[in-house]
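A short write-up of the structure that comes next.
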Amino acid sequence: GTNPWIARFDVKNVEPTEAGDLATIKVKARLDQSGVLNITSAYTVEEVEVEEPVPQPEPKEGEEPAKPEMRKVKKLQKKADLPVSQASQCLDNETLSALTKKENEMHKGDQLVFETEHAKNSLEEYIYEIRGKVEGDCSAFVDPSERDGFLSRLMEAEDWLYEDGEDTTKAAYVEKLASLKAVGDPIVERAREDRERPAAARELREIIEHWAERAMSQEERFAHITDEERQRVIDRIEKVQSWLDEKMEKQSLKKKWEAPVVFANEIRTQKQELVYFASPIMSRPKPKEEPKPEEPAAASGAATPNPAQENPAKPTEEMDVD
C-alpha cells in the first residue's frame, strides 16, 4: 500500500532534431537545505560548426605576427529553454500545519528549558559573588544592622537552590534573584562610588583650575577675549566650584553604608559641560590683522633732501689737512 514514487519531474516540449536524431537536453538540478532534489531549469542544445582561430606561437622579437589561421570545430550551443513541471509525494496541508505547530511548541519548550537553566545559574553565581563582597572588600559599605540578616538570606537562598529550588520555574529563580539584588546591588554601588568619586572630583578641580587660569591670564594669545566673555567663564567656574564643594561636603558627613549624595557620573557630567561652555570662548582664535596701507612714493623729480639741511643745528665736522 506504499506509494512507489517520491517525486516526478517532467521536461516538456522536447522535439527531435531536424535530422531526426534524438535531442540533447541539459538539466540543472540542486539539493535544497532539507536534501530534497529540485530541477531548476532545462534546455535543448545542438551541435553547431563554428570557426575559430588556430593558436599560434608567440612571435620572436622583431618578427611580424603570423596571419591567424582559422579552423572549423563543433560545439554545443543552447537552442531553447524547456518548461519543467514537478510533483512530489508529500503530506496534505492540514497535516503539515499541525506538524509545524507542534515543532514550534517544541522549540519554545527547549528555549524555556535553556532560559530556566540560565536563570538558575545566575542566581547561584550571584549568591557566591555577593557573599564574598559583603564579607570582603565591600564589608565597610554594609549597614551593620542589616549585615547579619542579609547573610542569613543568602544562606537560605543557597539551601533552597539545592533543595526545593533544584527543579522549579524560571519565574521563581528570577524573583529570588531580584529580591537579593535589591539589597546587594546598592552595597556594590556604594563601594564603587567610593573608589571613583575622588578621582572624578580631582578631574573636575583640575579643569576648573585650567579654565580659571586662562580666563584671568594677561598673555597676548588671550588679549582678544573681552572682559565680558572672561567674566562669563569665571561665573560658570564659580558656580561649578560651589556645586562641587557643597556636594563633597555633604558626602563627607555620610557614613559609608548610607546612600551617596553625589555620584561620579554626575561630577564627570559637570566637567564635560564646563569644557563645552568655556572652550568655545577661551579657544577662539585671534582675528587676523588687516594689512596697513602703504605710504605713497615720493614724487618724480623731487630733490633729495640734504642731511645737513634736515638738521641745520648740527655743526659740520671739520678736518685738518696738512
Is there a residue being surrounded by 12 or more Cβ atoms within 10 Å (Cβ to Cβ), modelled with pLDDT under 90 and not in a strand (DSSP E or B) anywhere in segment 19-35? yes
Looking at (1) within 30 Å of residue 23 (Cα to Cα); (2) surrounded by 11 or more Cβ atoms within 10 Å (Cβ to Cβ), find the lone condition where residue 120 falls short. (1)
How many residues are open to solvent by 60 Å² or more (accessible area, probe 1.4 Å), of a type outside the set (D, E, K, R) and under 14 Å from residue 122 (Cα atoms) when one looks only at segment 179-194? 0
Does residue 176 meet the test of being assigned to a helix (DSSP H, G or I), surrounded by 18 or more Cβ atoms within 10 Å (Cβ to Cβ) and out of contact with any strand residue (DSSP E or B) (no Cβ under 6 Å at 6 or more places or on another chain)? yes
Quick one: which residue in 53, 57 is more than 30 Å from residue 8 (Cβ to Cβ), modelled with pLDDT of 80 or more, within 58 Å of the chain's Cα centre (by Cα) and surrounded by fewer than 11 Cβ atoms within 10 Å (Cβ to Cβ)? 53
Restricting attention to segment 195-206, does a residue exist that is closer than 22 Å to residue 280 by Cβ, in contact (Cβ under 8 Å) with a residue 40 or more places away in the chain and crowded, with 16+ Cβ neighbours inside 10 Å? yes
A careful count of residues in segment 146-173 that are exposed (fewer than 12 other Cβ atoms within 10 Å of the Cβ), not charged (D, E, K, R) and not in a helix (DSSP H, G or I) gives 1
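For segment 123-145, give me the residue count where each residue is in a helix (DSSP H, G or I) and either open to solvent by less than 70 Å² (accessible area, probe 1.4 Å) or free of Cβ contacts under 8 Å to residues at least 60 places away in the same chain (or both).
Looking only at that region, the number is 16.
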Sole miss for residue 4 among (1) surrounded by 10 or more Cβ atoms within 10 Å (Cβ to Cβ); (2) not in a strand (DSSP E or B) is condition (1)
Which of the numbered conditions does residue 221 fail, given that it passes all the others? Conditions: (1) closer than 30 Å to residue 154 by Cβ; (2) open to solvent by 70 Å² or more (accessible area, probe 1.4 Å); (3) outside any loop (DSSP other than H, G, I, E, B); (4) in contact (Cβ under 8 Å) with a residue 12 or more places away in the chain. (1)
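Can you tell me which residues in segment 41-69 are out of contact with any strand residue (DSSP E or B) (no Cβ under 9 Å at 6 or more places or on another chain) and of a type in the set (A, V, I, L, M, F, W, C)? Full working, then the answer.
Restricting attention to segment 41-69, the residues satisfying the condition of being out of contact with any strand residue (DSSP E or B) (no Cβ under 9 Å at 6 or more places or on another chain) are 55-67.
Within segment 41-69, 66 is the sole residue that qualifies.
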Is it the case that residue 238 is surrounded by 11 or more Cβ atoms within 10 Å (Cβ to Cβ), closer than 30 Å to residue 144 by Cα and without any contact (Cβ under 8 Å) to a residue 12 or more places away in the chain? no
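The values are calculated or read from the model by the stated rules, or taken from the named source; none is laboratory data. Keep in mind that this is a model prediction, so the values were computed, not measured. Because the Cβ atoms are built from the backbone with ideal geometry, glycine has one as well, and the counts that use them run over all protein chains shown. Accessible surface is based on the protein model in full, side chains and every heavy atom, while ligands, DNA and RNA are left aside. Shrake-Rupley method; radii C 1.70, N 1.55, O 1.52, S 1.80 Å.
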